[in-house]
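The values are calculated or read from the model by the stated rules, or taken from the named source; none is laboratory data. Note that the structure is predicted; figures quoted are calculated from it, not measured. A quick note on method: Cβ atoms are made from the backbone with ideal geometry, for glycine too, and the neighbour counts reach across all protein chains shown.
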Amino acid sequence: MTHDASPTPPPSFRAWRAAVALALLAGSTLAHAFGVSQFSPQGEVARVRQMVARFDAPAIRFGDPAAPAPLEVRCDNAAASAGQGRWNSDREWVYEFNADLPPGVRCTATPVSGFQSASGQPLTGAGSYQFHTGGPFVQSVRPSPGQPIEENGPPVWN
């Protein structure tokens, strides 16, 4: 009495099994796309000193001094928006402005073309992130509370 190996599944079952495996593989690839998981600031923000981008996977090999910037920062006031980017960790990049941005500045951060994660995945997701510092705001009022008001002197708002 001989024992045969298990029978070969019919061709339609093999095709169905291959299709399911392919669908699972494609779904797992899409589920693990490399992108920005959090970006701040966004919208209207009165005082901005830095931008922070957090990634959902390691973006660089941490400690690499030549790690490139993942985002390009452009503001409509180039002088006020001068600064530099740095990596705080393998998943967090910060752009630090040299000074607080003044009112009325609009900035956009766009992914650098060709930027890839530490594992070689291309950066996907939003095409850009934007914020603006809104309109003018009062930083000081003179005379200060408790100081005498000059009868003919105008109030000053800075």
Return only the number of the condition from (1) part of a strand (DSSP E or B); (2) touching a residue at least 24 places away in the same chain (Cβ under 8 Å); (3) not acidic (D, E) that P68 does not satisfy.
(1)
Looking at (1) surrounded by fewer than 13 Cβ atoms within 10 Å (Cβ to Cβ); (2) at pLDDT 95 or above, find the lone condition where L71 falls short.
(1)
What's the number of the condition Q147 fails, among (1) over 17 Å from Q38 (Cα atoms); (2) assigned to a strand (DSSP E or B)?
(2)
Among the residues that make up the range 99-106, is at least one of them touching a strand residue (DSSP E or B) at 6+ places or on another chain (Cβ under 6 Å), modelled with pLDDT of 90 or more and assigned to a strand (DSSP E or B)?
yes
Please specify each residue of the range 107-122 satisfying the condition of being modelled with pLDDT under 95 and either farther than 30 Å from R61 by Cα or part of a strand (DSSP E or B) (or both).
Q116, P122
Result of the Cβ filter at 7 Å on the range 106-125, keeping first residues that are more than 17 Å from Q50 (Cα to Cα) and partners that are of a type in the set (F, W, Y) and assigned to a strand (DSSP E or B), at least 6 apart or interchain, is S117/F34; Q121/F34; P122/F34; L123/F34; T124/F34
Answer residue from the range 74-88, given it is surrounded by 13 or more Cβ atoms within 10 Å (Cβ to Cβ) and among the polar types (S, T, N, Q) and is modelled with the lowest pLDDT among those:
S81
L22 being modelled with pLDDT under 95 and out of contact with any helix residue (DSSP H, G or I) (no Cβ under 6 Å at 6 or more places or on another chain):
yes
